[in-house]
Amino acid sequence: MKRRDFIKSSLALYALGSYLPTALLGSKNRFSYRNSNIDSDRIVILIKMNGGNDGLNTLIPYQNSSYYQQRPAIAIPSEQSLPITDTLAFHPALENWQTFFEQQKLAIIQGVGYADGNLSHFRSSDIWDTGSNEDIELTTGWLGRLLELEYPGFPDYAPEHPLAIQYNSANLLEFKTETSNTGLYLYDPDTMYSIISGNYIDNLNSDIPETFGGDELAFIRELDHMSFNYSQIISEAAQNAPNTIMNYPDTNIGQQFRITARLIAGGLTTPFYRFYQNGYDTHVEQLYSHEQLLSNLSDALNVFFDEMDALELLDRIIIVTTSEFGRRVYENASEGTDHGTSAPVFIFGSNLNGGVFGDDPDLTNLDDNGNLQVQFDYRQIYTTIMKNWFGLNTNTVDQVFNDNFQTIPFLDEALYSQPKTGPNGFKLNSVYPNPFNSSTMISYTLPKDHSVIIRLLDIRGRVLRVTQLGKQKAGIHLFKLNGRELPSGSYIAQVEIEGSSLTQKIILIK
Amino acid sequence: MVPSLNYIKTSNDNWPDSQAKRLHKKFINKHWKQVHVEEQKPITDLNPQNRFNLQARDIAWDIPSVSHLLKRTVTGPNIEEINAFINNGMETSIQGLLADQEPPSPPGAWVNEELPDWSSLSSDERQAIIQAYYNRMRVFQKWWAKRMMNGGLNITEVMTLFWHSYFASAYSKVFYPQAMYQQNNIFRTLCMGNFKDLLRQVTFGPAMMIWLDISGSRKEAPNENFARELMELFTLGVDNYSQSDVVAASHAFTGYVTNGVETNYDFDTMEGWGYWWTDWHDFDDKTFMGQTGPWTGDDIINMLLDRDECAVHICKKLYKWFLYDHVDLDFIDGMADILRSNNYEIKPALEYLFSSEHFYDPTFYGSNVQNPVQLYLGTIKTLKMEEQPFDTNYFTEIQNHLDMILFEPPDVNGWLGYRTWINSNTLPLRKAMICALINHESPFGSFGNYLNIPSVAQSLVNDNDDTYHIIQIIDNLVLLFLGIEANETLSEQLLNIALDGAEPYDWNISLPAYHAQWSRFEDLLMYMIRLPEFQLS
């Protein structure tokens, strides 16, 4: 049986409908707090190529004689590289990427970095994680700040699904807020729940002293509590994924893809994932190690792509590679390369504009340290994701970076970017659960007495159902939307008062 | 002594050769993550004017302050040890804490083993050697763990661990257990000695020469890896040097090579030897931090140590390791002055730290998230299990799952400690895996050691104390196990768990081990291990 057939047959099982996490269906004692556009069903997977990926040996300027002159020992021979344009070719380990490129499922952004590139791994990683300029040290992450802006009550009022999941043991700076961390670390979703719940103690020592020791206690206690709250929904999602899930390579990066695939297929709507692949600091004998790294990444990504495609989930996902810097143009005498500045960023997905953005690297016009010039600021990538993938408004995005960055057209503007807060305090609080099986609850807040109309639309905007609710009092209201007679699929729920309407995309899975 | 020439190879000569390296890498990926020592110099006598008059300081030398000091500087202090420190007074105690130790006997004869001739070996023979190396590293980890548990009231093993994190080098790249041992031995021998000696010994040891690619770097196109980390992580700190300094230093650090256990560096002449030195070392002038000359690696080290930032950098790292994640810059200035005026002798700086009023400010109590290795070993000690057979496999699980593998730090920046230890995966595992010492229900592997509960309780009874035994015992457990004092509600809860409806005077320490009282006592221990406060010291 071909891999693709295998997946299709597993889909039959998947479609039976019994897999929806029970926690999503019942009205369990969970926060139901939803008013951000990040709560769409869209997902971003960020992959850190840790150590500084050699961009020039990943996307090779295979017609450029300067490339071969400056890298006599480690240049990839042009006859082995895999051309994608007249001037650019992939490393031979990236055959799948060549295919993705041809299928318009890969956008390449050339020369990504930042001004005055710092060549320290640790400092440059911090810059990418915090979203700062080279000369500014921030203590919070760009995603931490974004999620704090979008969920102002966090962590006391947290959404029902974790905001971010990461697979690196360290307490990542990228998801850090002033007092907390929005990223949950995952190791094994199968054992997670039983271990966490079996060892959780509801706290009695409730006073926290106002000392440095007290600060640390508060941090641990909150993390303890958050892990406990989220562990059940995560393991349920993992358990409810089809158990015939595809075979992922038995590599570290392969396992990160495997776990993520299960969680997404099982209904978890966490919007951000951060993967890690270590080993890109190729100062010596890089030919072999770099090839291994790229092929491990490509193999795992390929399985994930196939699987998400077969499950018809690929349109909801983009995968973005990042690295703290690229590497030096000329090789060193140890058959490796030292720290550099800019490098290409690769973005994968079926719902994007494929192609190469920016010019080929200029190997002769280098900076003072012999490094490539920067074409795009890394925050332009993040800005494009926030604005066009999640439909966040300019105001929010500018607050995250305290600056304004141009988008890059690898994503079209999000179609459903209507605000969830209307004028005068009219709010669409949540549609929960979502995805839903038979019914879901729409929660909305009226600033004063209003006549309310609830509409159900299909994904093209055709009205399927209209419910006139008449005059309702100011305050929070719930409306139960029944999906029993509808086929599985995506819909739009719309709540209208005089002069204003709010919408939320919802998914029915039977 | 000049090592024999025929062993010296470099990475460019395919050291140890690419097939062996690949086998090693494959093996390491599967199993491992799932010296040249000079005679020790006598410790320089402290300059009297830099010496602290300990008695003049206003520090209450009592249970809270002493247990704070011991929890930060030794592994798993017990009640007797805390009392011993209190009785001996501050000056004597700190002198004992910082006293030089006899060097231990090595973990095996293999530490001096010569290198195999890789080129003459079959694939199976290579595999066998790689397996043997791996086994040695497990033995080595266990050997070190036992030393940590049996380190007594002395800081040596914790300082050794500190330097391991400071000069973080990992076996997965270094390849030879002999080289890892050499480096560990340098850390232990010079842990409170002179930083300059330590830095030179580490830099020109085989482990570092392999780890940061000094070995094989040549003048035509030097490798910058070591030069950068030398400044960023080992001496000055980031932003205190420029990229052109990195380039200049990388030229100075050319021509040094190692075969994995020996190097071509001569500690007396401070030069390399052999054709690697004559052909590969860059003898030309370099401009480093504004000074031009034909600098060697030693010259660079000397110039770095002349910079004021160097002492500040070392003191910040010590402060972070022993006191708190966010440094007090005024205090660091004073501590760095001591380090500089004592010509980089480390001991006076430690003495300054541990006898300062600042160190004993109660705001720091419980502000350290314990590293998982010491947390585990310390609990074994508190539970009086340190004499039992050491479960090496379980220790491997602890290291792998709690993200602290001895001899395999995550990267050259070492373990950052504090909140990086704690996440939604490690926190529950830290509780569960340590509770397994009591209930034997580990999520990974089996753990079969025997816990003698009554003797644990007995060790927590005070001399000359007529309060009820169980009350004394709970008070002492709170002191040893919890970084933050228990409030009244929690204290009551702990007592309720131990008594289960009985009265404190019903609780009897002489009851036999099968009595239900002791299973409640086990519940009490596990309850405390599961509290967030248990993670802190």
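The values are calculated or read from the model by the stated rules, or taken from the named source; none is laboratory data. Keep in mind it's a predicted model, so treat the numbers as computed, not measured. Here the Cβ positions follow ideal geometry from the backbone for every residue, glycine too, while neighbour counts run over all protein chains shown.
Among residues of the stretch B:270-286 being part of a helix (DSSP H, G or I) and away from chain A (no Cβ under 13 Å), the one that is surrounded by the most Cβ atoms within 10 Å (Cβ to Cβ) is B:Trp277.
Yes/no per residue for (1) within 12 Å of chain A (Cβ to nearest Cβ); (2) surrounded by 21 or more Cβ atoms within 10 Å (Cβ to Cβ):
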residue	(1), (2)
B:Tyr468	no, no
B:Ile474	no, yes
B:Thr489	yes, no
B:Asn496	yes, no
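Looking only at residues in the stretch B:230-269 that are at the interface with another protein chain (Cβ under 9 Å from one of its Cβ atoms) and in a helix (DSSP H, G or I), the one that is surrounded by the fewest Cβ atoms within 10 Å (Cβ to Cβ) is B:Ser244.
A:Asn353 satisfies every condition listed in (1) in contact with a strand residue (DSSP E or B) (Cβ under 7 Å, 6 or more places away or on another chain); (2) part of a helix (DSSP H, G or I); (3) surrounded by fewer than 21 Cβ atoms within 10 Å (Cβ to Cβ) except (2).
Against the definition (over 20 Å from A:Phe100 (Cβ atoms), within 14 Å of another protein chain (Cβ to nearest Cβ) and crowded, with 18+ Cβ neighbours inside 10 Å), how does A:Ile259 come out, yes or no? Yes; evaluated as a whole, the condition is true for this residue. Between A:Glu307, A:Glu324, the distinction of being in a loop (DSSP other than H, G, I, E, B), more than 10 Å from chain B (Cβ to nearest Cβ), buried (at least 24 other Cβ atoms within 10 Å of the Cβ) and not aliphatic (A, V, I, L, M) belongs to A:Glu324 only. Comparison of A:Tyr185, A:Tyr273, A:Tyr248 shows that the only residue that is at the interface with another protein chain (Cβ under 9 Å from one of its Cβ atoms), touching a Phe, Trp or Tyr at 6+ places or on another chain (Cβ under 9 Å) and either surrounded by 22 or more Cβ atoms within 10 Å (Cβ to Cβ) or of a type outside the set (Val, Ile, Thr) (or both) is A:Tyr185.
Here's the yes/no breakdown for (1) assigned to a loop (DSSP other than H, G, I, E, B); (2) within 12 Å of chain B (Cβ to nearest Cβ); (3) charged (D, E, K, R):
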{"site": "A:Arg145", "(1), (2), (3)": "no, no, yes"}
{"site": "A:Gly153", "(1), (2), (3)": "yes, no, no"}
{"site": "A:Asp156", "(1), (2), (3)": "yes, no, yes"}
{"site": "A:Ile165", "(1), (2), (3)": "no, yes, no"}
{"site": "A:Asn168", "(1), (2), (3)": "yes, yes, no"}
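When B:Glu125, B:Glu80, B:Glu91, B:Glu113 are screened for being within 17 Å of B:Leu479 (Cβ to Cβ) and surrounded by fewer than 17 Cβ atoms within 10 Å (Cβ to Cβ), only B:Glu80 passes. Just one of the listed residues (A:Ala237, A:Ala241) is over 26 Å from A:Tyr157 (Cβ atoms), small (Gly, Ala, Ser), buried (at least 21 other Cβ atoms within 10 Å of the Cβ) and more than 10 Å from every other protein chain (Cβ to nearest Cβ), and it is A:Ala241. Which count do you get for residues in the stretch A:81-95 that are under 25 Å from the mean Cα position of the chain (by Cα) and either of a type in the set (Val, Ile, Thr) or buried (at least 21 other Cβ atoms within 10 Å of the Cβ) (or both)? So the count comes out to 2.
For the stretch B:149-165, the tally of residues that are in contact with a Phe, Trp or Tyr (Cβ under 8 Å, 6 or more places away or on another chain), over 22 Å from B:Tyr134 (Cα atoms) and either not hydrophobic (A, V, I, L, M, F, W, C) or not in a helix (DSSP H, G or I) (or both) stands at 2.
One residue stands out among those in the stretch B:166-190 that are outside any helix (DSSP H, G or I) and among the aliphatic types (A, V, I, L, M): the one that is nearest to B:Arg22 (Cα to Cα), which is B:Ala170.
Note on the stretch A:372-479: enclosed strands (runs of 3 or more DSSP E) holding 2 or more residues that are touching a His at 6+ places or on another chain (Cβ under 8 Å) are A:439-446, A:463-472. If we keep just the residues of the stretch B:51-80 that are assigned to a loop (DSSP other than H, G, I, E, B) and of a type in the set (S, T, N, Q), which is modelled with the lowest pLDDT? Among those residues, the one meeting the criterion is B:Asn53.
So if I check each of A:Ile208, A:Ile220, which one is crowded, with 18+ Cβ neighbours inside 10 Å, in contact with a Lys or Arg (Cβ under 9 Å, 6 or more places away or on another chain) and either more than 30 Å from A:Thr383 (Cβ to Cβ) or within 10 Å of another protein chain (Cβ to nearest Cβ) (or both)? Answer to the check: A:Ile220. Considering the stretch B:498-534, and only residues there that are within 11 Å of another protein chain (Cβ to nearest Cβ) and not in a helix (DSSP H, G or I), the residue that is farthest from B:Ile438 (Cα to Cα) turns out to be B:Leu531. Just one of the numbered conditions (1) surrounded by 14 or more Cβ atoms within 10 Å (Cβ to Cβ); (2) at pLDDT below 75 is not true of B:Glu39: (1). Only one entry in B:Leu161, B:Leu190, B:Leu199 is over 14 Å from the mean Cα position of the chain (by Cα), crowded, with 21+ Cβ neighbours inside 10 Å, under 25 Å from B:His313 (Cβ atoms) and outside the structural domain of B:Phe354 (by TED's automatic domain parsing), namely B:Leu199. Just so you know, in the stretch A:231-262 the residues that are touching a Ser or Thr at 6+ places or on another chain (Cβ under 7 Å) and assigned to a helix (DSSP H, G or I) include one that is farthest from A:His161 (Cα to Cα), and it is A:Glu236.
In the stretch B:211-229, the qualifying residues are those that are facing another protein chain (nearest Cβ under 8 Å) and not in a loop (DSSP other than H, G, I, E, B), and the one that is nearest to B:Leu199 (Cα to Cα) is B:Arg228. From the set of residues in the stretch B:402-430 that are under 18 Å from the mean Cα position of the chain (by Cα) and closer than 27 Å to A:Asp202 by Cα, which is farthest from the other protein chains (Cβ to nearest Cβ)? The extreme case among them is B:Gly417.
For (1) out of contact with any strand residue (DSSP E or B) (no Cβ under 9 Å at 6 or more places or on another chain); (2) at pLDDT 95 or above, each residue gets a yes or a no:
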residue: B:Asn464; (1), (2): yes, no
residue: B:Phe481; (1), (2): yes, yes
residue: B:Glu492; (1), (2): yes, no
residue: B:Tyr505; (1), (2): yes, no
residue: B:Ala513; (1), (2): yes, no
residue: B:Leu524; (1), (2): yes, yes
residue: B:Ser537; (1), (2): no, yes
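Restricting attention to the stretch A:447-461, the residues that are under 24 Å from A:Ser40 (Cβ atoms), surrounded by 12 or more Cβ atoms within 10 Å (Cβ to Cβ) and not basic (Lys, Arg) total 7. Can you confirm whether the stretch A:206-224 contains a residue that is assigned by TED's automatic domain parsing to the domain that holds A:Phe275 and at pLDDT below 85? Yes, the stretch A:206-224 contains at least one residue that is assigned by TED's automatic domain parsing to the domain that holds A:Phe275 and at pLDDT below 85. Residues being in a loop (DSSP other than H, G, I, E, B), hydrophobic (A, V, I, L, M, F, W, C) and over 21 Å from A:Thr282 (Cα atoms) are represented in the stretch A:70-85 by at least one member.
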